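What follows is a set of notes on a single structure, which appears directly below.
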Amino acid sequence: QVQLVESGGGLVQAGGSLRLSCAASGRTFKNIGWFRQAPGKEREFVASINWSGSTTDYADFSKGRFTISRDNAKSTVSLQMNSLKPGDTAGYYCAIADVPGYRGPGHFGSWGQGTQVTVSS
């Protein structure tokens, strides 16, 4: 089973940028998604990408600020986050889609351990 490891989180000021990386232990041809979860809140969809990188999907809050990309040769999926806001503070997780085309966390598996993003005002 493919395992995922996230990295790239940290502390950044509002308006700044971070690039998160999701490294897979092996090749997968499935869609991969990014999610986030803030304390006391449910895990929410951020973005996803299909196996070839030709199709992406974004939540309304991430559209225009975040960019998801994929490098299958390196088995990595990246999330470039620009114009960060304090409301983006959360743990960020990547996961493999069990069923493509859905945004619900229940349709994803092989979750990584997450990487923390903190945006200060």
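The values are calculated or read from the model by the stated rules, or taken from the named source; none is laboratory data. Please read these numbers as outputs of a predicted model, since none were measured by experiment. Because the Cβ atoms are built from the backbone with ideal geometry, glycine has one as well, and the counts that use them run over all protein chains shown. SASA here: full protein model, heavy atoms, side chains in, ligands and nucleic acids out. Shrake-Rupley method; radii C 1.70, N 1.55, O 1.52, S 1.80 Å.
At the listed q of 0.22, 0.27 Å⁻¹, the Debye profile of the stretch 65-119, built from one uniform point per Cα, gives log10 I(q)/I(0) equal to -1.07, -1.24.
The label point for Gln116 and the one for Ser54, both projected 7 Å from the Cα toward the Cβ, are 4.1 nm apart.
Eigenvalues of the alpha-carbon gyration tensor of the stretch 1-120, scaled by 5 and square-rooted, set the equivalent ellipsoid semi-axes at 21, 14, 14 angstrom, largest first. Taking 7 Å steps out from each Cα toward its Cβ at Lys85 and Gln3 produces label points 3.7 nm apart.
How would you rank 50-58, 32-40, highest first, on the average number of other Cβ atoms within 10 Å across their residues?
32-40, 50-58
Between Lys74 and Ala38, the simple spin-label model (points 7 angstrom out along Cα→Cβ) gives 3.0 nm. Straight-line cross-link reach from Lys41 at under 17 Å between alpha-carbon atoms covers these aspartates and glutamates, not counting any fewer than eight positions away in the same chain: Asp88.
Which one of Ala97, Ser54, Leu4 has its Cα pushed farthest toward the positive end of the charge dipole of the chain, where Lys and Arg give +1 and Asp and Glu give -1 at the Cβ? My answer, from the dipole projection, is Ser54. Using the 1.4 Å probe convention, the accessible area of the chain works out to 51 Å² per residue with neighbouring protein chains retained. What percentage of the solvent-accessible surface of the chain, computed with a 1.4 Å probe over protein heavy atoms, is contributed by carbon and sulfur atoms? Looking at the chain in its full context, I get 49 percent from C and S.
Bridges between two residues of the chain, per DSSP, are antiparallel at a rate of about 90%.
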